[in-house]
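The values are calculated or read from the model by the stated rules, or taken from the named source; none is laboratory data. Since this is a predicted model, take the numbers as computed values, not measurements. All Cβ positions, glycine included, derive from the backbone under ideal geometry; neighbour counts span all protein chains shown. Surface accessibility is based on the protein's heavy atoms, side chains included, excluding ligands, DNA and RNA. Shrake-Rupley method; radii C 1.70, N 1.55, O 1.52, S 1.80 Å.
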Amino acid sequence: MTQNLLAVRRAISDSWRRSENAGVDADVRAAPLVFDRDVIADARVAHPLDPHLPLLEGLLRHVADETEHLMVITDDGGHVLWTQGPPGARRAADRIGLGEGFRWSEDVVGTNGIGLALATGRPEFVYAAEHVAHVLHRWSCAAAPITDPDSAAVIGCIDVSATVEALHPATVALVSAAARLAESRLENEMQQRDELLRERLLPHLRGLREPGVLVTATGRIIGAGPGEPALAGWRGRRVLAPEGGGTVTLPDGRAAVAEPLGEAFLLRPPAVRPRRGRGAPGARSPGCRSAPSAAGEGPLLTLSFLGDGRPHARLDGGPLTLSLRHAEILALLALHPRGLTGDRLALYLYGDDGSPATVRPEIHRLRQQFGDIVRARPYRLECAVEADFLTVRRLLDDGDVAGAVRLYTGELLPGSDAPALCEERDELAVRVRRQALDRGGADALWTYAQTEPGRFDLEALERLSAVLPPGDSRLAAVASRSDRLLNDDD
């Protein structure tokens, strides 16, 4: 690379160095085609910007259609997902690979508007010979990254490209405005999700006697329970994305334990002991429920029943040990919030051989442990329930495939042979798998492939091979696992 680094802007010279370190050839003729038409269709549906594309197209269509400009929207890897522009601009762009399915990151085509904006996280303008590739010297481009307000990660880029004579540097202000508009729409969606979480969970957190912080899976603090006044001032702050049972550092430097609450977490400083569940060692006697302090406040039962680990529950934060049979009963009652008769519960648990007489002793033992939140006539749970399998169902219904796959750590109570739960387990597994394959995108598919069923899913691995871009470090693991499965079949 023979460019004069002293004669250009710092952003460009830094980009040239990165391009040179990546081994980019200045004689490259076009960007590489990475995704075929089928993969592009899936990538679009899976991308967070898909619902907002009409808005962005409407904002930039006037510029693209009435001039020789091309509007381009990419994902975070520089893969072009959408384009808009007149036929002449499209024909010229096709010759350099500026089309859907092609990759425009710095490491493959060198300095360009898309790659530079994704690398710096700022709006950028690249003019003529500032491009590394000689074939791009007659082009200029203005690009702005789009940041997801939930994760704070760059998720894509908006670019307007044209020949040197047709594109004015002021176009960078236009793409910047479009990017900010997209981010504002994403933020509105995020706030709506946050409000639903607060409505569902904060009434129960306010009923607790100890402080706690409600945080999203991405680490955003969205609410707090009672206790120290400082907790309420943390809303909007970020902590490290939590994991169930792990510790997280709070904004004041203290460590807190993360308790899963479906798609959110409750962070408790470890110095504060959660109130024990009814029937747990040292707890109050069964049936002694505290009166809720306000309407809608009361016990919160959290069930973690997905995956191969031991099923466990928390009642108002207090951990409770469960037998498989009791986990099955709780799962069935959670799936049927209006309650089940003894006959129906026996049928769901034991099939045609079951009877209410078999169920009654199990319910009695369950009430000894959980108190009178387990009610009869019909059998039901008299409390709020947050269950991982119910949350996965809700996320799938809402079209949040990435969220559902992230929470789906494995099958529902895999050790259970209760007929109704076997049916629920199979249905949930099929829904997660199908939506991950059809609408999940590369990251969601990779997450699914780490689950127990996904590890042995050859179709999912083959799909991953198609959607992961060349050079992605995950490709080696996918190829190795696919080879093992194929060889085992032989």
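Of note:
- A probe of 1.4 angstrom, applied to the heavy atoms of all protein chains, finds VAL8 with accessible area near 40 square angstrom.
- The stretch 53-127: chymotrypsin sites (Phe, Trp or Tyr not before Pro) falling in loop per DSSP and having at most 11 other Cβ within 10 Å: none
- Residue (of ALA162, SER140, LEU315) at the positive-pole extreme of the chain, dipole from beta-carbon charges: LEU315
- Restricting the stretch 119-213 to GluC sites (Glu not before Pro) that sit in a DSSP loop and have at most 10 other Cβ atoms within 10 Å of their own Cβ leaves GLU165.
- Only Lys, Arg, Asp and Glu carry charge here, each on its Cβ (+1 for the first two, -1 for the last two); on that basis the stretch 291-433 has a dipole of about 320 debye about its Cα centre.
- Here the Karplus relation 6.51 cos²θ - 1.76 cosθ + 1.60, evaluated at θ = phi - 60°, turns the backbone of the stretch 73-82 into coupling constants of 10, 10, 8, 6, x, x, 7, 6, 9, 9 Hz, with x for every Gly and Pro.
- Amide H partners (placed H, <5 Å) of GLY318, local residues excluded: GLY277
- Here the chain is assigned +1 on the Cβ of each Lys and Arg and -1 on the Cβ of each Asp and Glu. Its dipole about the Cα centre then comes out at about 2180 debye.
- Percentage relative contact order, the stretch 92-185, counting C-alpha pairs under 8 Å, at least six apart: 23
- Taking all protein chains together, ARG37, ARG377 sort by accessible area into ARG377, ARG37, largest first [probe 1.4 Å].
- Seen against the Cα atoms of the chain and their longest principal axis, helix 37-46 is set at about 50 degrees.
- Relative contact order (%) - the chain, alpha-carbon pairs under 8 angstrom, separation at least six: 10
- Theoretical ellipticity at 222 nm over the chain - DSSP helices of four or more residues, -39500 (n - 2.57) apiece, nearest 500: -13000 deg cm²/dmol
- The eigenvalues of the Cα gyration tensor, multiplied by 5 and square-rooted, give the stretch 335-484 an equivalent ellipsoid with semi-axes of 39, 16, 12 Å from largest to smallest.
- Sites listed here are trypsin sites (Lys or Arg not before Pro) in the stretch 330-367 whose DSSP assignment is loop and whose Cβ has at most 15 other Cβ atoms within 10 Å: ARG338.
- Charge context of GLN450, other residues only, Cβ under 12 angstrom, K/R +1, D/E -1: +1
- Long-range HN-HN contacts of VAL374 with modeled amide H, under 5 Å: GLU382
- Top positive-direction residue, dipole computed over the stretch 14-132 with Cβ charges, set ALA43, GLY99, ALA89: ALA89
- Note that the chain, at 25 °C in a medium of 0.890 mPa s, gets a Stokes-Einstein diffusion coefficient of 96 µm²/s from its Kirkwood radius over C-alpha pairs.
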